[in-house]
Amino acid sequence: MTRALIAIAVLVLAAVAAGGWVSARGGLSAQREAIEAEWPSVAGALQRRAELVANLAQTVKGFAGAGNPVFDDIAAARAALSSGSTAQQQIQANSRLMQACARLFLLTERYPKLSSRRDYRKIGDEIKEAENAVAIERRKYNELLEHYNAQLRRFPDNIVARISGFSRIDAYVITEQDVR
């Protein structure tokens with residue numbers, strides 16, 4: 001009888017451990033899928049802003065002429081953003097685009113008449129709205145990452161994650177270089 005009780009106890013413990021394993025793995029999988037599902041919203045907001053920056057560049061090009069390398073930098077960064085196949089590639093391309101955009105705004109300061117044009121102001125306002133949309137989507141994405149990364153550190157989920165190949169995902173942060 002004692003052996004039977006021990007066997008039952010071992011089976012119950014094994015079932016509980018297996019259930020915990022399945023639960024932890026399922027939770028991690030669901031969170032990773034939620035992160036992957038959120039990224040297209042971020043990418044869409046980045047793409048919308050990139051289009052507006054390109055429109056602004058065209059407006060400025062009419063005043064400044066096409067010879068400035070900032071216009072090529074914007075086009076190259078925008079192309080890299082569109083062709084980026086991973087979130088990290090798109091984040092890096094967006095960083096390059098924002099740096100080029102900052103140089104574009106410096107260039108516009110040379111042309112005071114430009115800032116009085118209605119089309120220039122309209123695009124500037126649309127870019128501000130697009131910036132807000134990017135910030136909102138980036139915040140949602142980072143909140144999902146925060147929960148996922150926290151679960152990766154919790155016991156026993158950290159053991160399940162390590163064995164199952166789940167790894168930390170870096171948050172989408174805006175660097176000082178991006179806002180210059």
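Descriptive notes on the structure:
- Put simply, of 99, 89 the only residue that is among the polar types (S, T, N, Q) and either more than 30 Å from residue 29 (Cβ to Cβ) or touching a residue at least 60 places away in the same chain (Cβ under 8 Å) (or both) is 99.
- When residues of segment 136-180 are limited to those that are among the β-branched types (Val, Ile, Thr) and either modelled with pLDDT of 90 or more or part of a helix (DSSP H, G or I) (or both), the one nearest to residue 41 (Cα to Cα): 136
Conditions (1) out of contact with any helix residue (DSSP H, G or I) (no Cβ under 6 Å at 6 or more places or on another chain); (2) free of Cβ contacts under 8 Å to residues at least 60 places away in the same chain; (3) not small (Gly, Ala, Ser), marked per residue:
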{"position": "7", "(1), (2), (3)": "yes, yes, no"}
{"position": "20", "(1), (2), (3)": "yes, no, no"}
{"position": "41", "(1), (2), (3)": "no, no, no"}
{"position": "47", "(1), (2), (3)": "yes, yes, yes"}
{"position": "55", "(1), (2), (3)": "no, no, yes"}
{"position": "69", "(1), (2), (3)": "yes, yes, yes"}
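- The residues on offer are 96, 110, and the sole one that is within 23 Å of residue 49 (Cβ to Cβ), of a type in the set (Lys, Arg) and either touching a helix residue (DSSP H, G or I) at 6+ places or on another chain (Cβ under 9 Å) or in a helix (DSSP H, G or I) (or both) is 96.
- Whichever residue in segment 35-58 is loosely packed, with under 15 Cβ neighbours inside 10 Å and of a type in the set (Gly, Ala, Ser) and, among such residues, is nearest to residue 107 (Cα to Cα): 44
- Number of residues in segment 138-158 that are surrounded by fewer than 12 Cβ atoms within 10 Å (Cβ to Cβ) and among the aliphatic types (A, V, I, L, M) equals 1.
- Condition check for residue 130: of a type outside the set (Lys, Arg) and either in a loop (DSSP other than H, G, I, E, B) or exposed (fewer than 14 other Cβ atoms within 10 Å of the Cβ) (or both): no
The values are calculated or read from the model by the stated rules, or taken from the named source; none is laboratory data. Worth saying up front: this structure is predicted, and the values here are computed from it rather than measured. Every residue, glycine as well, gets a Cβ built from its backbone with ideal geometry; the counts of neighbours run over all protein chains shown.
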